[in-house]
Amino acid sequence: MIYLDHAATSFPKPPAVLAAVEHWFRDIGVSAARGDGARCRAASTLTESVRAALAKLCGVRRERVAFTSGATESANLLLRGLLRAGDRVVTTAAEHSAVARPLRALERERGLQLEIVPVDRHGEVDPAAVERALRARRTHLLVLNHGSNVTGVVQDAATLCALARAQGCWSALDASQTAGVLPLSTLGADACFASAHKSLLAPPGLGFLAVGDGLQLTPGKQGGTGSSVALDTQPVTWPEGFEPGTPNGPAIAGLGAALAFIEARGAHALLRDELAVVDALRTALVDRLGARVRLLGRAAGARVAVVSFTLQDLDPAEAGLVLDAADIHVRTGFHCAPWIHKDIGTTQGGCIRVSPGPFIATNEALAVVQALAP
């Protein structure tokens with residue numbers, strides 16, 4: 001099988017990630033902060049080293065990073081822990097359902113005032129439009145998708161976060177597609193969250209939420225934290241108050257190895273090589289399919305490694321079946337992004353998305369064209 005759905009879940013994982021997960025099961029096997037034995041100490045050392053690496057990635061103190069089950073839990077933890085009745089939020093049409101659905105729920109439950117700034121046909125938001133939205137009325141939070149999982153376009157997060165700061169507004173960044181390939185610490189976001197299983201190349205079932213010192217959240221879940229004090233109320237200190245329940249030790253171990261792999265290879269080099277594959281595929285689609293194909297996103301500028309397109313003569317779902325028959329795994333449909341398709345003109349069936357990872361060669365990606373060409 002040729003696997004080209006890295007934007008959903010990275011596969012295969014680096015061998016060191018698999019080794020780290022196996023090491024956890026064979027040699028650690030217990031949770032951090034759940035005892036004083038040697039294995040518990042090893043689990044705690046491992047967990048805190050990975051937490052420190054994420055803190056460096058996001059530019060926050062180590063204590064202000066909480067592990068979660070993924071970006072969905074992180075977004076809910078942030079939005080429900082920060083927003084109060086009647087607060088106003090500005091966001092973009094590029095958001096994933098992990099952000100869009102909690103916002104809609106809070107709109108119903110708490111009377112949240114929500115403004116969705118549209119994107120252009122490439123999926124890019126206009127900073128001037130965001131500034132107008134922020135200036136229109138007092139806004140509590142700007143939340144934005146850093147890199148689109150539909151078009152691959154990367155928003156100018158540094159400018160957008162600066163606009164929010166100038167209006168006295170918090171900013172939050174969904175970095176699920178960019179963590180691991182683009183710098184985050186210099187963007188100026190007050191909060192940053194991501195899944196571990198996408199560009200961070202780690203196992204599924206893990207994510208993180210990193211927040212700056214000024215951002216105060218109310219814990220959204222209650223449960224065991226491994227505290228040595230017998231409390232029947234949830235602590236509010238970081239990170240304990242935001243990590244109830246048993247931590248996902250194997251995935252944390254895998255994330256530690258993945259971060260080391262990314263550092264050794266170089267995030268810039270990983271993205272450069274993936275974009276070279278993307279560019280070759282974009283060229284081949286136009287050359288071979290001509291007027292049949294409509295490419296989405298941009299051919300240059302700030303991007304992650306995503307090629308999305310539609311075909312005149314095949315519904316995305318039908319194209320997916322053709323590719324599956326050729327043993328090529330891609331993603332078709334709406335990609336859990338409910339708002340963007342109206343702006344980019346793909347409301348009828350969504351699109352076909354190809355997203356190569358670091359172990360995909362150009363000729364493997366070009367098999368997509370061979371399968372779809374007449």
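Residue-wise test of (1) more than 21 Å from L142 (Cβ to Cβ); (2) within 19 Å of the chain's Cα centre (by Cα); (3) of a type in the set (A, V, I, L, M, F, W, C).
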{"site": "I28", "(1), (2), (3)": "yes, no, yes"}
{"site": "R34", "(1), (2), (3)": "yes, no, no"}
{"site": "R39", "(1), (2), (3)": "yes, no, no"}
{"site": "E48", "(1), (2), (3)": "yes, no, no"}
{"site": "A53", "(1), (2), (3)": "yes, yes, yes"}
{"site": "G59", "(1), (2), (3)": "no, yes, no"}
{"site": "G86", "(1), (2), (3)": "no, no, no"}
{"site": "V89", "(1), (2), (3)": "no, no, yes"}
Of all residues in region 157-189, which are surrounded by fewer than 24 Cβ atoms within 10 Å (Cβ to Cβ) and either within 16 Å of the chain's Cα centre (by Cα) or in a helix (DSSP H, G or I) (or both)? A158, T159, C161, A162, L163, R165, A166, L182, P183, L184, S185, L187
So, in region 118-140, exactly how many residues are closer than 20 Å to S176 by Cα and touching a helix residue (DSSP H, G or I) at 6+ places or on another chain (Cβ under 7 Å)? 2
Return the only residue of G86, G111 being under 22 Å from R165 (Cα atoms) and either out of contact with any Leu (no Cβ under 9 Å at 6 or more places or on another chain) or in contact (Cβ under 8 Å) with a residue 12 or more places away in the chain (or both). G86
Answer with yes or no whether V30 is of a type outside the set (K, R), in contact with a Pro (Cβ under 8 Å, 6 or more places away or on another chain) and touching a residue at least 24 places away in the same chain (Cβ under 8 Å). no
Can you tell me which residue among R80, R121 is over 30 Å from F309 (Cα atoms) and either open to solvent by 10 Å² or more (accessible area, probe 1.4 Å) or touching a Ser or Thr at 6+ places or on another chain (Cβ under 8 Å) (or both)? R80
Would it be correct to say that G256 is assigned to a loop (DSSP other than H, G, I, E, B), among the small types (G, A, S) and open to solvent by 10 Å² or more (accessible area, probe 1.4 Å)? no
Scan of region 83-118 for residues that are surrounded by fewer than 19 Cβ atoms within 10 Å (Cβ to Cβ) and among the small types (G, A, S), ordered by number: A85, G86, S97, A105, G111
Checking R84 against (1) assigned to a loop (DSSP other than H, G, I, E, B); (2) within 24 Å of G29 (Cβ to Cβ), the condition it does not meet: (2)
Would region 191-198 turn up any residue that is open to solvent by 10 Å² or more (accessible area, probe 1.4 Å), of a type in the set (F, W, Y) and more than 24 Å from A19 (Cα to Cα)? no
Given S199, S185, which one is touching a Cys at 6+ places or on another chain (Cβ under 7 Å), touching a residue at least 60 places away in the same chain (Cβ under 8 Å) and more than 20 Å from R80 (Cβ to Cβ)? S185
Which residues, counting only those in region 30-41, are touching a helix residue (DSSP H, G or I) at 6+ places or on another chain (Cβ under 8 Å) and either at pLDDT below 85 or buried (at least 17 other Cβ atoms within 10 Å of the Cβ) (or both)? V30, S31, A32, A33, R34
Across region 209-241, what is the total count of residues that are touching a Lys or Arg at 6+ places or on another chain (Cβ under 8 Å) and outside any loop (DSSP other than H, G, I, E, B)? 2
Would you please list the contacts, defined by Cβ atoms under 7 Å and residues six or more apart or on different chains, that run from a residue in region 43-54 that is aliphatic (A, V, I, L, M) to a residue that is open to solvent by 40 Å² or more (accessible area, probe 1.4 Å)? A43/V30; A52/R62
Which fully enclosed helices (runs of 4 or more DSSP H) of region 313-371 have 1 or more residues being of a type in the set (V, I, T), open to solvent by 30 Å² or more (accessible area, probe 1.4 Å) and closer than 29 Å to A267 by Cβ? 362-365
Which residues, counting only those in region 190-208, are part of a loop (DSSP other than H, G, I, E, B) and under 24 Å from H140 (Cα atoms)? D190
Can you run down the residue pairs with Cβ atoms below 7 Å, 6 or more apart or on separate chains, where the first is in region 137-166 and over 23 Å from V306 (Cβ atoms) and without any contact (Cβ under 8 Å) to a residue 40 or more places away in the chain and the partner is open to solvent by 10 Å² or more (accessible area, probe 1.4 Å) and acidic (D, E)? L163/E131
Restricting region 263-312 to residues that are in a strand (DSSP E or B) and of a type in the set (K, R), which is least open to solvent (accessible area, probe 1.4 Å)? R303
How many residues, within region 46-67, are closer than 17 Å to G212 by Cα, open to solvent by less than 10 Å² (accessible area, probe 1.4 Å) and of a type in the set (V, I, T)? 1
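The values are calculated or read from the model by the stated rules, or taken from the named source; none is laboratory data. Owing to the predicted nature of the structure, the values given are computational and were not obtained by experimental measurement. A quick note on method: Cβ atoms are made from the backbone with ideal geometry, for glycine too, and the neighbour counts reach across all protein chains shown. Keep in mind that these areas ignore ligands, DNA and RNA; they rest on the heavy atoms of the full protein, side chains included. Shrake-Rupley method; radii C 1.70, N 1.55, O 1.52, S 1.80 Å.
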